[in-house]
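First, the structure itself, so that you have it in front of you.
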Amino acid sequence: MTEFTIWGFLVDFSLMSGLILLGTILRAKVKFLQALFLPASIIGGFIGLALGPFGADLLPFSDQFSSYPGLLIAFIFAAIPIGAAKVQIREIIHRVREMWSYSMLLTTLMWGGGALFGLVVINQVFQDLPSGFGIILGAGFVGGHGTAAAIGDGFAQYGWDEAMTLGMTSATIGLLVAVIGGLILVKRGTQKGHTQFISSFKDLPTELRTGLIPASKRVHMGTETFSPSAIDPLVLHISIIFFVVGAAYWLTERLGELIPVISIPLLSVAFVVGLLFQFIMRKTKADSYIDQRVMDRIGGSATDYLVVSGIASINLTVVLDYAVPLILLFVFGIIWAYLMFRFIGPNIFRNYWFEKSLFGWGWSTGTVAMGLALLRIVDPELKSKTIDDYALAYIGMVPVEVAIITFAPILAFSGLPWVTPIVLLIIAAIIVVVHKRTGVWGRRVLDSKQE
């Protein structure tokens, strides 16, 4: 690795950009990669891992290369609330209660189940492991590379530097589980007649395979809300994100001075500052000049760079050192995820349970993008409204995710590692009980195809 300078920063992002471009080309041309629906950033990340400092060491990344995920995740969380449309709480409750409950169950059970399995099984066998080891499962599977970076950064504040590598490994394995497991579920689902729409791989739109959108199907990335003669619209949106993250960093440093015993993740503060910024914009009626699609694209861009840097910076030596407990954790995670798919989805969704549960499988083991890719196989025209419901349900999930990411590392290293799994599993139990009491649980309506 080279010393970090402003030119080292340029080289790092130049190399990451090259890896993303190479991944894009390979996704567009290689049939095998198209069949796996792997994003370009994942493909580029694996190439970077093979050629980077922990592989062949051919790419001259700087010595701060592994620090990028911890910063990029702050940009992603800061972008979530800014420019978001105002949503009525009643609309969320009445329309997407099933999806919110299902998503909350996947979140609390995967995080809580992994943490509990780590404490009850893995930490009893490998007693030298940190008590928060089981949290790595939820960070990678449910959270993905972004959350894994946040959890890794949180644990690093307490001296467990290997957590970043383990989190990235968990997220990478989770993605493969989402793809391979999802395709198996699709095959079995079609054979048993669970799918309600076109499910043949041959009918899948070409752009989903290659990533190349034909001219007739292209949409705009966003709308210009300012005249370029005053300020470039893209610069305006980028400056908002940088200002929010910068303000969050300053606030995080001040909080660290006031409360030195607790390390508050930058991403959590960035999300709160983003909410405050959006609140001010809405009160001053300036929110109409912020385009949500542009903000989404900025967050998506940060995600791609986070993924490629996260995978490429995985320290294979650390992975090998933790190989056995990691394998145990991942085997449990795969079985646990399948049980949730098999028994929670059919009981909580009254319509299109397979399509909605398959989407849940994709994002709870990999990413939302992977869940969408699997959904498009069995619901090409998105008639089940799964994505619409999830988009609204996610609004109510964000505070829970932020709370987990913020407090799980703190509790683990404060001598209270059992609090996280107990609280999360209690929440899951309450959700199930409420659904049973209201008569929703298990009362699935047969879809037209099954009638």
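What number comes out for the charge environment of Pro60, summing +1 per Lys or Arg and -1 per Asp or Glu over other residues with Cβ under 13 Å away?
Cβ neighbours under 13 Å give a net charge of -4.
I would also like to ask the following. Using only the heavy atoms of the protein chains and a 1.4 Å probe, how would Trp100, Trp363 rank by accessible area, largest first?
Listed by decreasing accessible area, they come as Trp100, Trp363.
Mind jotting down the distance between the C-alpha centroids of the stretch 7-59 and the stretch 290-324, whole Å?
Taking the Cα centre of each part, the stretch 290-324 and the stretch 7-59 sit 12 Å apart.
Moving to a separate point now. Quote the relative contact order of the chain in percent (integer), defining contacts as alpha-carbon pairs under 8 Å separated by 6+ residues.
Numbers: 687 pairs, mean separation 130.1, N = 451.
Over the chain, the number comes to 29 percent.
Also, I was wondering about something else. When the chain is fully extended, how far beyond the present Cα-Cα distance does Leu382 get from Leu320, taking 0.36 nm per residue of separation?
Once the chain is fully extended between Leu382 and Leu320, it gains 18.2 nm.
For Val368 and Thr190, FRET efficiency with R0 = 22 Å and r from the beta-carbon atoms, rounded to 0.05?
On the way: r = 23 Å, r/R0 = 1.05.
Computed FRET efficiency for Thr190 and Val368: 0.45.
What full-extension length gain, to one decimal in nm, is calculated for Asp63 and Ala50 as 0.36 nm per residue of separation minus the Cα-Cα distance?
Here the answer is 3.0 nm.
Now, a different point. In terms of solvent-accessible area of protein heavy atoms at a 1.4 angstrom probe, what is the ranking of Ser41, Ser229, Ser17, highest value first?
Sorted by accessible area, descending: Ser229, Ser17, Ser41.
For the residue pair Gln124 and Ala35, what label-to-label distance in nm results when each label sits 7 Å from Cα along the Cα-to-beta-carbon direction?
That separation, rounded to one decimal, is 4.2 nm.
Same structure again: Given Cα pairs under 8 Å that are at least 6 residues apart, what percent is the relative contact order of the stretch 249-374? It would help to have the intermediate numbers written out before the result.
Working: 46 pairs, mean separation 12.8, N = 126.
Relative contact order of the stretch 249-374: 10 percent.
Give me the percent of accessible area attributable to carbon and sulfur for the chain, probe 1.4 angstrom.
66
Same structure again: Set the Förster radius R0 to 35 Å, insert the Cβ-Cβ distance between Val331 and Asn351 as r into 1/(1 + (r/R0)^6), and round the FRET efficiency to 0.05.
Numbers: r = 33 Å, r/R0 = 0.94.
Rounded to the nearest 0.05, the efficiency is 0.60.
Here's a follow-up. Among all helices in the chain defined by DSSP H, which have a length of 20 Å or more along the axis from Cα atoms plus a Kyte-Doolittle mean of at least 0.5?
The qualifying helices are 6-29, 163-192, 233-258, 266-283, 323-343, 386-412, 419-437.
Within the chain, how many Lys pairs that are eight or more residues apart, or on different chains, come under 15 Å at the alpha-carbon? Each step should come with its number before you reach the end.
Numbers: Lys31/Lys202; Lys86/Lys283; Lys86/Lys285; Lys187/Lys202; Lys192/Lys449; Lys356/Lys383; Lys356/Lys385; Lys383/Lys449.
Going through the chain pair by pair, I get 8.
A follow-up question, please. Please get the size of the charge dipole for the chain, origin at its Cα centre, with Cβ charges of +1 on Lys and Arg and -1 on Asp and Glu, quoted in debye to the nearest 20.
Working: 31 positive and 29 negative charges, 431 e Å.
Roughly 2080 debye, rounded to the nearest 20.
Let me ask something additional. Any idea how far apart Ser17 and Thr206 come out in nm if each label point goes 7 Å out from Cα toward Cβ?
Placing both labels 7 Å beyond Cα along the Cβ direction yields 3.0 nm.
Do you know the relative contact order of the stretch 342-429, to the nearest whole percent, from alpha carbon pairs under 8 angstrom that are 6+ apart?
Relative contact order, the stretch 342-429: 16 percent.
Can you tell me the FRET efficiency between Ile6 and Ile422 if r is taken as the Cβ-Cβ distance and R0 is 51 Å, rounded to the nearest 0.05?
0.60
Can you give me the long-range amide H partners of Ser62? Hydrogens built in the peptide plane at 1.01 Å from N, cutoff under 5 Å, separation of 5 or more residues or another chain.
Long-range HN contacts for Ser62: Thr2, Asp12.
I'd like the distance separating the alpha-carbon centroids of the stretch 164-191 and the stretch 273-289, in whole Å.
After rounding, the separation between the Cα centres reads 38 Å.
Accessible area per residue for the chain in Å², computed with a 1.4 Å probe and the full protein assembly in place, what is it?
47
At 1.4 Å probe size, what's the solvent-accessible area of Leu326? Round to the nearest 10 Å².
0
Among [x] -0.59, -0.74, -1.32; [y] -0.58, -0.72, -1.20; [z] -0.51, -0.65, -1.19, find the value of log10 I(q)/I(0) by the Debye sum over Cα atoms at q = 0.09, 0.10, 0.13 Å⁻¹ that was calculated from the structure presented, and write down its label.
The listed entry that was calculated here is [x].
Starting from the 7 Å offset along Cα-to-Cβ, what nm value, one decimal, do you get for the label separation of Ala230 and Ile180?
Between Ala230 and Ile180, the label points sit 5.4 nm apart.
Size of the dipole of the stretch 121-274 about the Cα centre, Lys and Arg at +1 and Asp and Glu at -1 on the beta carbon, nothing else charged, in debye to 20?
960
The values are calculated or read from the model by the stated rules, or taken from the named source; none is laboratory data. Just so we're clear, the structure is a prediction, and the values are computed from it rather than from any experiment. Positions of Cβ are generated from backbone atoms using ideal geometry, with glycine treated the same way; all protein chains shown enter the neighbour counts. For the accessible areas, the whole protein counts, side chains as well, though only heavy atoms, and no ligand, DNA or RNA atoms are used. Shrake-Rupley method; radii C 1.70, N 1.55, O 1.52, S 1.80 Å.
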